[in-house]
1. If we scan segment A:241-257, do we find a residue that is among the charged types (D, E, K, R) and at pLDDT 90 or above?
2. State the number of residues belonging to segment A:386-399 that are out of contact with any strand residue (DSSP E or B) (no Cβ under 9 Å at 6 or more places or on another chain) and more than 7 Å from RNA strand B (Cβ to nearest atom).
3. Here is a list: A:GLN91, A:GLN87, A:GLN20, A:GLN4. Which entry is open to solvent by 10 Å² or more (accessible area, probe 1.4 Å) and on the phi > 0 side of the Ramachandran plot?
4. Could you list, in sequence order, the residues of segment A:864-911 that are without any contact (Cβ under 8 Å) to a residue 40 or more places away in the chain, in a helix (DSSP H, G or I) and open to solvent by 10 Å² or more (accessible area, probe 1.4 Å)?
5. Is it the case that some residue within segment A:914-921 is within 25 Å of A:ALA17 (Cβ to Cβ), at pLDDT 95 or above and within 16 Å of RNA strand B (Cβ to nearest atom)?
6. Going by the conditions given, is A:PRO928 surrounded by fewer than 16 Cβ atoms within 10 Å (Cβ to Cβ), under 30 Å from A:TRP12 (Cβ atoms) and under 47 Å from the mean Cα position of the chain (by Cα)?
7. Based on what the data block shows, is A:ALA89 farther than 24 Å from A:GLU808 by Cα, outside any loop (DSSP other than H, G, I, E, B), in contact with a Ser or Thr (Cβ under 9 Å, 6 or more places away or on another chain) and touching a residue at least 24 places away in the same chain (Cβ under 8 Å)?
8. If I ask for residues that are away from RNA strand B (no atom under 13 Å from the Cβ), open to solvent by 10 Å² or more (accessible area, probe 1.4 Å) and out of contact with any Gly (no Cβ under 9 Å at 6 or more places or on another chain), which ones from segment A:781-832 would you list?
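The values are calculated or read from the model by the stated rules, or taken from the named source; none is laboratory data. If you're wondering where the values come from, they're calculated on a predicted model, not measured in any experiment. Positions of Cβ are backbone-derived with ideal geometry, glycine not excepted, and every protein chain shown enters the neighbour counts. The area values use the complete protein model at the heavy-atom level, side chains included, leaving out ligands, DNA and RNA. Shrake-Rupley method; radii C 1.70, N 1.55, O 1.52, S 1.80 Å.
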Amino acid sequence: MDYQFAAIEKKWQRFWADHQTFKPEDSTAKPKYYVLDMFPYPSGAGLHVGHPLGYIASDIFARYKRLKGFNVLHPMGYDSFGLPAEQYAIQTGQHPAITTEANIATYRRQLDQIGFSFDWGREVRTSSPDFYKWTQWIFMQLFNSWYNKDADKAEAIDKLVKHFEQHGSAGINAVCDEEVLTFTADEWKALDDRAKQTELLKYRLTYLRESTVNWCAALGTVLANDEVKDGFSERGGFPVEQKKMMQWSMRITAYAERLLQGLDTIDWPEPLKEMQRNWIGKSVGALVKFRISDFQFRNSDKSEIENPKSEIIEVFTTRVDTIFGTTFLVLAPEHELVTSLTTPEQKANIKAYIAQAKKKSELERMADAKTVSGAFTGSYAINPVNGEKIQIWIADYVLAGYGTGAVMAVPSGDQRDYLFAKHYNLPIIPIIDIQKIETEADPTKEGRYINSGFINGLTYKEATVAVIAKLEEMGTGKAKVNFRMRDAIFGRQRYWGEPVPVYFKEGLPYLIDEKDLPLVLPEVDKYLPTESGEPPLARASNWRYKGTEAYEHSTMPGWAGSSWYWYRYMDAHNDSEFASKKAIEYWKDVDLYIGGSEHATGHLLYSRFWNKFLKDIGLVIAEEPFKKLINQGHIQGRSNFVYRLNYTLIPKNADKFEKIEDEVNWHDDVIFKLPLIFISFEVVERIKYNSQYRTDTENFINNEYLKDELNKYEGKVLLTLKPENIVSKIHVDVNIVENDVLDFTAFTKWRPELHNAGFISDGGKYICGWEIEKMSKSKFNVVNPDDLIVRYGADTLRMYEMFLGPLEQSKPWNTNGIEGVFKFLRKFWRLFHDDAWNFIVSGEEPTKVELKSLHKIIHKVEEDVERFSFNTSVSSFMIAVNELTDLKCNKRAVLQNLVIILSPYAPHICEELWVLLGNEPGTLSLAPYPKFNPAYLVEDEFAYPISINGKTKINLNIPLSFDLKETENFVLAHADMQRYLDGKSPKKVIVVKGRIVNIVL
RNA sequence: GCUCGGGUGGUGGAACUGGUAGACACGCAGGACUUAAAAUCCUGUGCCCGUCAAAGGCGUGCGGGUUCGAUUCCCGCCCCGAGUACCA
């Protein structure tokens, strides 16, 4: 039989499903290997050809590992809570669960026909109560934990309570809110429950607090920082504003240092690690207190006078060594001391500046980065190291949210301070001997200090240590590490998410009982916020804990379920634990994770955080969840275009015609009855800029092409006068274009109203233009895997996606080359068959050449797969099949091995041939990978390239048994060399055995 | 601005630690088979010069360097993509 891919693929997909071929064994004899894909959000549009790229790669790897004797876990599921289903629900009233269910069915059908080796028995869906029961459960563990800095791990909140009862707050070193109480054990015990709970909330790893959030009014929800791009929502592009709200937060900052350190222990792409490092944003520096000179509480607020907030301004700096160069202080306009510091004379100025700064949006502030602005408060501070009196300013280049919201300005070393000082005529003091500060700040760390009191003459390292020691001694500063990363907001004012397992009593949050889990999402009449602005869950009638207490009305953010889902796959049906101890001990962590880099600072950071927490409380074993990670590149769209010729009609007898506008009315109702004319890509430029060509085309249209139509209207065609207007570029569906050639029949079917359109081209073929764009419906460049599978089969699609280029590289999708891969598979099939398609395989002993071909590919594929270079192994398969075809090799001893090594790439065709070869059906997936024997690759001779002065001239076959000198003599004595040597004797001869001979003349 | 990728034929890409640049495939051109089409097969295909051929010259973004030899290493620059941004 000919290669009947459709039947073969269907047959084996059913076989795998029926026999649960890819279910990992429970016995633990084999080593485990866990291959994970980032599970998809099931969107309504279904899969396009870019989605499976990573899945195909991970599937090849999973199948390869099975052949290599590993017990492979390779699961799949759905991240099925999300905004699109909810938006659709708001528009149509349909429950998001129904939409989601339908979308999942589509995804499943599409995934199934690609032939993945997933163990579907372990499927998870984040929106299913069986699953989110455990997401809620983990939330409860976080609520019941605090971070003990001394132990450097999370601990049970009960332990903290016990400490409070015995020792009060003394001796606690926790990651917590800024304003915690100090109390003795007795004072603690005297507190009522409400006060105790209020205090404990400041320590819990998930906690409520008033936070400034990114509020998106159009979406009716709060967004995480990584969901906001340039002041607009990433999804939908709606404006986002800053708003204060009570919000659940996750104390991820407690793990900042461990998240940073952990990066050095995992095998991830360097750019991705770098993104996480930047996001965490560690800076090592110092806090320094500046006393305010003559602080006198200038505002009239009595309470502040009685209970002054502070007489000092604390700043954070990473260059404490430059402290002697401090010539002024700058506070963020929002800084709490600004009002008190402002003198009556400066009040109007400061007020105006603050108002102006407030008005500026995030976006403007960014665009404005270069302009210097600020205002003097009228107050002064004292530099602790030299007693200098310096001015205190406010400016919006200092951010309230970072460090202490105040900086010591060192204009000689910091460019922003430098510009500010120049602009407002403030002093600039050089502090390092080699500093060059005529035109800009010089942040050098080289050289020795000057103008710097007790550190004069020291180096950077010495000075930093000396200054910190001195400040600590004076009690006016200390070393301090600062992080850019903020605690993560953990609430969305949306319906389609996990309910938070919390109810409120007297305004304080309490966890519901564990046995009441899952807290199921209630039904609501509408998926919109209430009239009073409450989240949609407030609409649920009678939705109260134990019938009385109000539940939390916000739901968890999109990243909640995905922050731990890989553990659920280990034991997907357990209803007493999120995964059994046994399963976690065996599978431990993910060995290979494949997905897109867009999750760098979202999912991948939160997952690491939850994993570390789960480890701290003893539920999991690994410190890091994903040992090795690969980012597959994005598949971009490749759009095709046709070029419509823009013409106008003029009366037949008009010779000259310049003012087309005047005649628009005349031809308007006529022109649309005339067929559209499209010109082929290669004539576009010519018709624009070659007036002779244009005239010829015009004549052609008038006298031949549209002769009859034009006679009817007594008009003639005139091509638009301006070259840039002569054609309009129009997207055409890439699916009716092959190798950039337009299929006319398909075109008329696609656009029936254009059945009489005309095409002008050079060689009868209409060549389309192309451009790389995002893949999207509106650009008609979406390629659907279903269509390709119908036409070429899944095996071809799988191999072609890999053949496209390196996995990690982004690339445009182009179906042009797919024929080559299809031809390859047919050629492979033909190796096993005679001309009449009878299956014929011989039992003869293979020849040396045949074995060489085989072992070359065994080795090459092994190497390629291990370094995820799938594109090169596809080429190697082609080479091997080409060689074996030339050798007319149909020997079982060769072909059976070839079937095994090709099977991860093209599993269906290989299963079929495996059975035709007489093997038990379904055993291919666990067959042993053939053993590479280097002996078959040993050569007696090598065709040395002989180069003269580094330029290759000829090739000579030389026995590899020759040593260097023998080889050199052989080359120099060879007749073909005489022409090049021309009687001269070479200055030098370099012989690299088995590689090259280079002669220097 | 900073950080990280990347620039190789008409196209996608290959060349693993410095050793024959352009593997493999697409496309294109020519040919075979066929009534025809599809399928299949064969030949050629980096550019320039050359009637075929031979021979030669130029070629991995640009300019320099190290080396017997550089797509690969070093220095300087240009361009494209991604991330990030007044982080003190």
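1. The initial filter retains those residues of segment A:241-257 that are among the charged types (D, E, K, R), namely A:241, A:243-244, A:251, A:257.
Imposing the further condition that a residue be at pLDDT 90 or above reduces the set to A:251, A:257.
Yes, some residue in segment A:241-257 is among the charged types (D, E, K, R) and at pLDDT 90 or above.
2. Filtering segment A:386-399 down to residues out of contact with any strand residue (DSSP E or B) (no Cβ under 9 Å at 6 or more places or on another chain) leaves A:386-387, A:396, A:399.
Narrowing the set further to residues that are more than 7 Å from RNA strand B (Cβ to nearest atom) leaves A:386-387.
The total comes to 2.
3. Working: A:GLN91 fails: on the phi > 0 side of the Ramachandran plot; A:GLN87 fails: on the phi > 0 side of the Ramachandran plot; A:GLN4 fails: on the phi > 0 side of the Ramachandran plot.
Within the list A:GLN91, A:GLN87, A:GLN20, A:GLN4, the selection yields A:GLN20.
4. A:GLU866, A:THR872, A:SER876, A:ILE879, A:GLU883, A:ASP886, A:GLN896
5. For segment A:914-921, residues within 25 Å of A:ALA17 (Cβ to Cβ), at pLDDT 95 or above and within 16 Å of RNA strand B (Cβ to nearest atom): absent.
6. Yes, satisfied.
7. Details: farther than 24 Å from A:GLU808 by Cα: yes; outside any loop (DSSP other than H, G, I, E, B): yes; in contact with a Ser or Thr (Cβ under 9 Å, 6 or more places away or on another chain): yes; touching a residue at least 24 places away in the same chain (Cβ under 8 Å): yes.
Judged against the criteria, A:ALA89 is a match.
8. Once the filter is applied, which keeps residues that are away from RNA strand B (no atom under 13 Å from the Cβ), open to solvent by 10 Å² or more (accessible area, probe 1.4 Å) and out of contact with any Gly (no Cβ under 9 Å at 6 or more places or on another chain), segment A:781-832 yields A:ASP787, A:LEU788, A:ILE789, A:VAL790.
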